[in-house]
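Here is the structure we will look at.
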């Protein structure tokens, strides 16, 4: 039996290696998507840090000019009317007009100085500059009282890096799983349904090779492609992590090698479960097109799981479910991977997740094997 499985496995692997489309989806796409996401984050960070905005000011006091320049303001506009028109047309982002007698401490009986801030609420860059300006203007206002003025005292009793880590932990699990699954989705859905549609499966089934060996050999070939896809995705993840570390600080992204190993094991286990489910669909489908169409269903299950774990609105509900999250196949991987990145997991949760997904995947492969033993899968 093992010899037959190896024969089928080698035949399928050779077929995969000859298909450039499959190689692109399984090897290059996961890396390129995550690498591209990292480069996009780096570009966004550089834009926020370094870009000079088409923002202007008028009558600014001398002590305020350096701060405005640091915020990306260019200087005085040619004319107020022309600048306002440019803001309206999104050619400029802001005009700040200080009163000529601007003061932060008006004398008794005098009206307070009014600063005019002209912006465009339909322009995202304009809103970002407005937010930055607001922080600066708040620092100019007279001090009535202070809050947490002692800089030597840590008033935050929680983890100050939690929010940044939570943003990363909410994004990475779904992103990793999606790029891997999308890479192998076409291969897994076609490997049986495609042979069935071309009538090649009829020829294979009448050979001396047992049908169970055929099913297992094909499954192992897909799992090999999934493993390669996972390695490619983790190579891209390194670039994504580096970009995120540059954005929020290396003190936030300080995961150890063992943390990445835990994530990798969880992702591999859910990939195994997903491949098994897609192979059932491929076995039941009569054509490759119908198999690809039906494969959308488990993909949507993963998408919903990724959405729920990334949405903070569901945090309390997910927390109430507790350990039961780890017992739900496929969903458990997105949950536990997030907990690993938050450094808030137990080994029992990770082990349970992996065992559940492996058992689920093995059950799916058993069902595929049983379906192969059913003569009805042979086309008339």
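The values are calculated or read from the model by the stated rules, or taken from the named source; none is laboratory data. Note that the coordinates shown come from a computational prediction; the quantities given were computed from them, not determined experimentally. For neighbour counting, all protein chains shown are included, and Cβ atoms are generated from backbone atoms with ideal geometry for every residue, glycine included.
Note on region 305-317: residues that are crowded, with 16+ Cβ neighbours inside 10 Å and either farther than 17 Å from residue 175 by Cβ or without any contact (Cβ under 8 Å) to a residue 60 or more places away in the chain (or both) amount to 1. For residue 205, the test of being within 23 Å of residue 371 (Cα to Cα), at pLDDT 80 or above and in the same structural domain as residue 353 (by TED's automatic domain parsing) is failed. Hey, among the residues in region 242-265 that are over 18 Å from the mean Cα position of the chain (by Cα) and part of a loop (DSSP other than H, G, I, E, B), which one's modelled with the highest pLDDT? Ranking the qualifying residues of region 242-265, first place goes to 256. Within the span defined as region 93-106, every residue fails to be touching a strand residue (DSSP E or B) at 6+ places or on another chain (Cβ under 7 Å) and assigned to a helix (DSSP H, G or I). How about region 68-79: which of its residues are out of contact with any strand residue (DSSP E or B) (no Cβ under 9 Å at 6 or more places or on another chain) and either closer than 14 Å to residue 133 by Cβ or surrounded by 13 or more Cβ atoms within 10 Å (Cβ to Cβ) (or both)? 70, the sole residue that qualifies.
With respect to residue 109, is the statement that it is loosely packed, with under 15 Cβ neighbours inside 10 Å, at pLDDT 90 or above and over 30 Å from residue 338 (Cα atoms) true? So residue 109 fails the test.
Exactly one residue among 323, 345 is in a loop (DSSP other than H, G, I, E, B), within 21 Å of residue 270 (Cα to Cα) and in contact with a helix residue (DSSP H, G or I) (Cβ under 9 Å, 6 or more places away or on another chain), and that residue is 345. Listed by position, the helices (runs of 4 or more DSSP H) contained in region 1-86 that have at least 1 residues being over 30 Å from residue 105 (Cα atoms), modelled with pLDDT of 80 or more and in the same structural domain as residue 174 (by TED's automatic domain parsing) are 2-18, 29-50. Determine whether residue 219 is more than 30 Å from residue 15 (Cα to Cα) and either assigned to a helix (DSSP H, G or I) or in contact (Cβ under 8 Å) with a residue 24 or more places away in the chain (or both). So residue 219 fails the test.
Filtering 116, 131 for residues that are outside the structural domain of residue 282 (by TED's automatic domain parsing), surrounded by fewer than 13 Cβ atoms within 10 Å (Cβ to Cβ), at pLDDT 80 or above and over 37 Å from the mean Cα position of the chain (by Cα) leaves a single hit, 116. Looking only at residues in region 281-304 that are crowded, with 22+ Cβ neighbours inside 10 Å and closer than 14 Å to residue 196 by Cα, the one that is modelled with the highest pLDDT is 281.
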